[in-house]
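The values are calculated or read from the model by the stated rules, or taken from the named source; none is laboratory data. Predicted model, so just to flag it, every value in this text is computed and none were measured. Note that each Cβ is placed from the backbone with ideal geometry, even for glycine, and that neighbours are counted across all protein chains shown. For accessibility, only protein heavy atoms count, side chains too; no ligands or nucleic acids. Shrake-Rupley method; radii C 1.70, N 1.55, O 1.52, S 1.80 Å.
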Amino acid sequence: MAHDEFSLIRQWTSRSDGQEGDGLTVGLGDDAAVFSPSPEMEIVACCDAMVETVHFLKETMRPSDIGYKAVTSNVSDVAAMGGYARYALVSIAVAPHWTPEECQGIYDGIYAACDMYGVKVIGGDTVSAPDALHLSVTVLGEVEKGRAIRRSHARAGQAVFVTGHVGSSAAGLHVLLQDRQEQQSVTEWSGRWAKLIAAHQRPVAQVKAGRLLLESGVCGALNDVSDGLASELWEIAEASSVSICVDAALIPIEEEARACALQFGKDPVEWAFYGGEDYQLVGTIEASEVDAVRERFAAAGILFSVIGAVEAEQTAAPKLSLRTGESRTALPKAGYNHFKRCE
């Protein structure tokens, strides 16, 4: 930290609108914040951490992108339960090689994301770290009482769906890692792969999609695609004690991502299943309601793709499998490491 660390903290947090009003009784400036949920609502709480060299590199993420993504990943968790975010607490541990200007950039990204999703920063902490920057964001949101959508409500016969496109963030990261190997600047990448890079650096949480699914009343299980389709579908299968099969031909992958995979000799389906950080929503709905839900999503301008089905209840041994043409392959559970997956 710089010599006058408290003035820096005040500078970094000066844009916060976490003051009293709209359910917030005590805002920034006291030992803690105090707020009340809206009537007939429940609180949804989540926390995600981003650690330098584990979740991001300076060569692949601008400071503002880091802050933006830290907030977005939490808002996405709230969206995956059909809720919406209201407040955020931000804790940052700053390593010596990070300048005050770079830290200000992180907070610029935090506030940009908060502005986009209607979130107020109401507190946090700032400390020093010896060797790597650590950023942790806690988001507090709301959802109607008793209506939060969970991972554990998938049932045999339901359709499996995903919103938007998947694999784009992994494709963008692959381009950025190639850029790093060639020792070029991140800012020099534009044109052909700009859309993929933006998908990695500035993802969008699917709040509207989550609200549409909650309002429909026909969504079974739901998860956000933070760790890749395989990980999220395995979580649903295990939480619901079911088996799930998805069709590789139905996975919605951007044409840019397919072209990128072709150029670099990669498999775009692999990016979709194991790349992560797309922050789309994946879940299950009653098969009889697919057309109605697809129409509601189309009216909202959101891509809605059915990619498979919940096949059977398997209380002892849930499974996830991928159908490719006439063949079918069991997908193993795999830990998430987007740098390793996209090298």
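Remarks
- For segment 88-143, a residue qualifies if it is at pLDDT 95 or above, over 13 Å from Gly67 (Cα atoms), in a strand (DSSP E or B) and open to solvent by 40 Å² or more (accessible area, probe 1.4 Å), but none of them does.
- The residue that is modelled with the lowest pLDDT, counting only those in segment 301-331 that are out of contact with any strand residue (DSSP E or B) (no Cβ under 7 Å at 6 or more places or on another chain), more than 19 Å from Val166 (Cα to Cα) and part of a loop (DSSP other than H, G, I, E, B), is Thr315.
- So Glu295, is it open to solvent by 60 Å² or more (accessible area, probe 1.4 Å) and modelled with pLDDT of 95 or more: yes
- Among the residues of this structure, Val166 counts as one that is modelled with pLDDT of 95 or more, surrounded by 21 or more Cβ atoms within 10 Å (Cβ to Cβ) and part of a loop (DSSP other than H, G, I, E, B).
- Where a residue in segment 46-74 is at positive phi and of a type in the set (Ser, Thr, Tyr) and its partner, wherever it lies, is surrounded by 20 or more Cβ atoms within 10 Å (Cβ to Cβ) and part of a helix (DSSP H, G or I), with Cβ under 7 Å and at least six apart: none
- Considering residues of segment 260-307 that are free of Cβ contacts under 8 Å to residues at least 40 places away in the same chain and among the hydrophobic types (A, V, I, L, M, F, W, C) only, the residue nearest to Gly172 (Cα to Cα): Leu262
- Selection within segment 234-252 - open to solvent by less than 10 Å² (accessible area, probe 1.4 Å) and closer than 12 Å to Leu322 by Cβ: Ile244, Cys245, Val246, Ile251
- Within segment 43-87, the set of residues being open to solvent by less than 40 Å² (accessible area, probe 1.4 Å), hydroxyl-bearing (Ser, Thr, Tyr) and within 26 Å of Val26 (Cβ to Cβ) comprises just one member, Tyr87.
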